[in-house]
1. Report, ordered by the first and then the second residue, all pairs with beta carbons closer than 6 Å, sequence separation of six or more or different chains, a first member in the stretch 31-52 that is more than 13 Å from Gln186 (Cα to Cα) and part of a loop (DSSP other than H, G, I, E, B), and a second member that is open to solvent by 50 Å² or more (accessible area, probe 1.4 Å) and not hydrophobic (A, V, I, L, M, F, W, C).
2. If I ask for residues that are surrounded by fewer than 18 Cβ atoms within 10 Å (Cβ to Cβ), at negative phi and either of a type in the set (Gly, Ala, Ser) or within 13 Å of the chain's Cα centre (by Cα) (or both), which ones from the stretch 46-92 would you list?
3. Against the conditions (1) farther than 25 Å from Ser42 by Cα; (2) exposed (fewer than 15 other Cβ atoms within 10 Å of the Cβ); (3) of a type outside the set (Gly, Ala, Ser), where does Thr175 fall short? Just the number, please.
4. Can you name the residue in the stretch 106-155 that is open to solvent by 10 Å² or more (accessible area, probe 1.4 Å), free of Cβ contacts under 8 Å to residues at least 40 places away in the same chain and among the polar types (S, T, N, Q) and is also farthest from Gln78 (Cα to Cα) among such residues?
5. Do any residues in the stretch 78-92 that are more than 18 Å from Arg130 (Cα to Cα) have Cβ atoms under 7 Å from those of residues that are among the hydrophobic types (A, V, I, L, M, F, W, C) and open to solvent by 10 Å² or more (accessible area, probe 1.4 Å), where the two are at least six apart or on different chains, and which pairs are they?
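The values are calculated or read from the model by the stated rules, or taken from the named source; none is laboratory data. Remember, predicted model here, so these are calculated numbers, not experimental data. All Cβ positions, glycine included, derive from the backbone under ideal geometry; neighbour counts span all protein chains shown. Side chains are part of the model used for accessible areas, which takes the heavy atoms of the whole protein and leaves out ligands, DNA and RNA. Shrake-Rupley method; radii C 1.70, N 1.55, O 1.52, S 1.80 Å.
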Amino acid sequence: MKVALILLLFLTACGGGGAVTQVTQAKSGIIRITGDSTCYGSAYDPLTRTYFRVASPWPTYIHVPGFTIDMSNCIGGQALGDVLPTWAATIASDGATVELIADAINDAFQVSPALYAAQLREVIRASRERGKFVVLMTPNPTYEARVTALAQVIRDVGIETSTPVIDNDTFMRSTFGADLSFAGDQMHPSQPAYALIGGFVNGRLLELLR
C-alpha cells in the first residue's frame, strides 16, 4: 500500500497520466456519491453519548430532474485512499454519469494534504477518462484543523483541474460562524443541519447540471 501511494505521488509530481479535461456536464442519469459517515447520516446525541443514523441524510434532499441518487458508497469511516485502489474498476460498471466526491474527514486523520491532493487528482483523472462529470464537495466544519486544511485542498484542486466544488465548509461557516453546535460531537451534523446541507447541495447541483 505504501509503495502504491509513493508511486501515486511520484506520478502526480511528474505529470503522469496527463490531465483529462472535464466532460460536458451530464443532463440525466445517476449521481453517485462517495463519502463518509457525514454522507451516510451519522449523528451524535450528547445526552445519551451515542451515535445513530438520522432519518434523512443530506443526499436524500437532492432532487435534480432527470437524475437518481446512489449513496451506496457513503460509508462510515471511509477515506479516499480506501476507494482509490478499486476506483477504476468500480466506475467502469457503476452506471453513474456524475461522480460526487465527498470524502475528506477521515482522510484528514490518515494522510498529508499533499497525498490527499494527489489521490483527489487521480480520482478526477480516472473518472473523466470514463466520461464521468466530476463534482467535489468540502466537508462540514469540525473541531479538527486538519479537516479545515483538506477543505482548502479540495478548493485548490478544484481550481487546478477545473472541477466544480460544492463548498459545504464555507456555506456552514457563513451560516453558523464559529459555532459548531449544529453537530453534537462538533463533527457529525444533527438532522436539522443535514437538512440544511442537503438543501444547499441540491441547489448547487441544480446550477451545475441544469
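1. Between residues of the stretch 31-52 that are more than 13 Å from Gln186 (Cα to Cα) and part of a loop (DSSP other than H, G, I, E, B) and residues that are open to solvent by 50 Å² or more (accessible area, probe 1.4 Å) and not hydrophobic (A, V, I, L, M, F, W, C), the close pairs are Gly41/Arg53.
2. Once the filter is applied, which keeps residues that are surrounded by fewer than 18 Cβ atoms within 10 Å (Cβ to Cβ), at negative phi and either of a type in the set (Gly, Ala, Ser) or within 13 Å of the chain's Cα centre (by Cα) (or both), the stretch 46-92 yields Ala55, Ser56, Ser72, Gly76, Ala88, Ala89, Ala92.
3. The single condition Thr175 does not satisfy is (1).
4. Gln152
5. These pairs meet every condition: Gly81/Val111.
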